[in-house]
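Each remark here refers to the structure printed beneath this line.
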């Protein structure tokens with residue numbers, strides 16, 4: 001218990017500078033209504049109502065139990081962060097013109113990170129947004145594998161695992177599940193384990209028939225969770241042309257990001273807290289906090305609980321930064 005209090009205290013100290021820099025989404029009012037309904041009003045008088053399925057349930061203990069593993073919340077990007085990315089990039093990088101000067105790293109993550117900055121959670125959030133808005137679909141023609149009867153001699157592990165795939169990504173669900181099971185057996189699920197648990201649960205419950213049904217219904221939010229796992233499972237098998245295509249779709253999604261201005265709300269059940277959270281270049285930041293039992297709290301209790309929530313969020317940022325450094329070290333050993 002003492003260790004947790006000390007860590008929270010450290011987190012509160014670390015957020016001081018970041019907190020003074022908070023801008024962007026200006027939340028005028030946040031109200032916690034009955035039955036988990038959240039009402040949020042911005043300074044431009046836009047009003048949003050959130051039902052339970054639109055809220056992100058956060059486990060505060062993750063900040064203590066996963067101090068060197070990624071903790072991902074699928075929140076909106078801070079709009080100032082998006083604007084800064086766009087203003088810093090040469091316009092040529094956001095067109096379809098060929099770049100010939102500097103070859104990019106032949107990995108999806110390495111290539112995209114050169115453009116978006118930040119760490120793994122920024123990469124995952126960009127992928128999720130690009131898939132959710134259908135600016136990237138895994139059955140795009142460029143992602144289709146050329147038909148061939150060629151067989152390596154001797155047979156390689158990669159060929160055995162992928163030769164039946166129609167695409168460079170395991171789009172067919174049975175192959176995606178098979179690849180997942182192989183990765184799990186070999187303890188190679190670090191990327192997948194950084195996602196919320198319900199993403200994997202939805203992925204494992206889905207099959208090709210259900211996928212087509214969700215597609216027909218236009219449930220792109222659920223499909224994006226499934227496609228994100230498929231994309232992560234197949235990322236290591238992508239060629240340069242496919243990596244460059246996916247990268248271009250992500251950059252195009254970033255250009256269009258300003259049209260997505262619905263703030264994200266995290267629920268910390270343990271503290272009866274609803275928190276408006278955005279992701280910028282430094283990590284997650286709390287922009288507004290309200291408590292379900294607010295009327296029963298004294299001013300001192302309210303301030304104490306706010307400090308605890310902000311401290312936990314900053315500890316998540318510390319955990320992600322440490323995991324990011326560890327990932328870089330493993331890449332360049």
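The values are calculated or read from the model by the stated rules, or taken from the named source; none is laboratory data. Everything numeric here is computed off the predicted structure, so don't read it as measured data. As a convention, Cβ positions derive from the backbone with ideal geometry for all residues, glycine included, and neighbour counts pool all protein chains shown.
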In the set 158, 222, 137, which member is more than 30 Å from residue 87 (Cβ to Cβ) and surrounded by 12 or more Cβ atoms within 10 Å (Cβ to Cβ)? 222
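Conditions (1) over 26 Å from the mean Cα position of the chain (by Cα); (2) part of a helix (DSSP H, G or I); (3) without any contact (Cβ under 8 Å) to a residue 24 or more places away in the chain, marked per residue:
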site	(1), (2), (3)
275	no, no, no
303	yes, yes, yes
310	no, yes, no
313	no, yes, no
317	no, yes, no
320	no, yes, no
323	no, yes, no
326	no, yes, no
Evaluate the following for residue 242: is it free of Cβ contacts under 8 Å to residues at least 12 places away in the same chain and part of a helix (DSSP H, G or I)? no
Condition first: modelled with pLDDT of 75 or more, crowded, with 16+ Cβ neighbours inside 10 Å and touching a helix residue (DSSP H, G or I) at 6+ places or on another chain (Cβ under 9 Å). Now tell me which residues in segment 1-35 satisfy that. 32
Only one of these conditions is not met by residue 300: (1) over 22 Å from residue 29 (Cβ atoms); (2) modelled with pLDDT of 90 or more; (3) in contact with a helix residue (DSSP H, G or I) (Cβ under 9 Å, 6 or more places away or on another chain). Which number is it? (3)
